[in-house]
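The structure appears right after this line, and notes come after that.
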């Protein structure tokens, strides 16, 4: 089995689009990616032989709200522990920077909810929390 490393860095716009496309999430204009990714609070990439095979990032305001975004592992490299190692790094970042009652959110891909439950996330809706919601802006 190939060894991977988890590196604190941003992906290139091309790599970001490549992994998103491979998991069926769609792509963005590379200029938008280039302007947006540096606004992330924290980002890691999983690499094998210098090739990015996964990534994850935390976005938010750095105090009250943290949002785990883009936890992606290329299909051929899933179920090896790469996502777990990246998510462990995301949660370590949050633990080092969050305050009492900070909100830590995410939107799990369908069928991946159990992966996040083990980190303490709560599936919604509950008796007190409504359903998570999302909108894809159409320009």
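What follows draws every value from the coordinates through simple rules; no lab data is involved. None of these values were measured; they are calculated from a predicted model. Don't worry about glycine lacking a Cβ; one is built from the backbone with ideal geometry, like all the others, and counts go over all protein chains shown.
Points to keep in mind about this one:
- Prolate/oblate/rounded call for region 1-41, Cα gyration tensor, a/c under 1.5 rounded: oblate
- Extension gain for residue 15 to residue 39 (0.36 nm times residue separation, less C-alpha to C-alpha distance): 6.9 nm.
- Residue 103 versus residue 136: modelled label distance in nm, points set 7 Å from Cα along the beta carbon direction: 2.4
- Highest-fluctuation residue, 64, 91, 55 considered, GNM on the chain with Cα pairs under 10 Å: 64
- Nearest-ten-degree value, helix 13-22 long axis tilted from longest Cα axis of the chain: 80
- The calculated FRET efficiency for the pair residue 32 and residue 88, based on their C-beta separation and a Förster distance of 35 Å, comes to about 0.75.
- Computed from the C-beta positions of residue 78 and residue 121 and an R0 of 22 Å, the FRET efficiency is 0.70 to the nearest 0.05.
- Highest-fluctuation residue, 31, 127, 70 considered, GNM on the chain with Cα pairs under 10 Å: 127
- Relative to the longest principal axis of the Cα atoms of the chain, helix 82-97 runs at roughly 50 degrees.
- Tensor-based shape of the chain (alpha-carbon gyration tensor, a/c under 1.5 rounded, otherwise prolate or oblate): rounded
- Most mobile of 126, 27, 84 in a GNM of the chain (Cα contacts under 10 Å): 126
- With contacts taken as Cα pairs under 8 Å and at least 6 residues apart, region 5-117 reaches a relative contact order of 24 percent.
- Contour minus Cα-Cα distance for residue 23 and residue 128 (0.36 nm per residue): 34.6 nm
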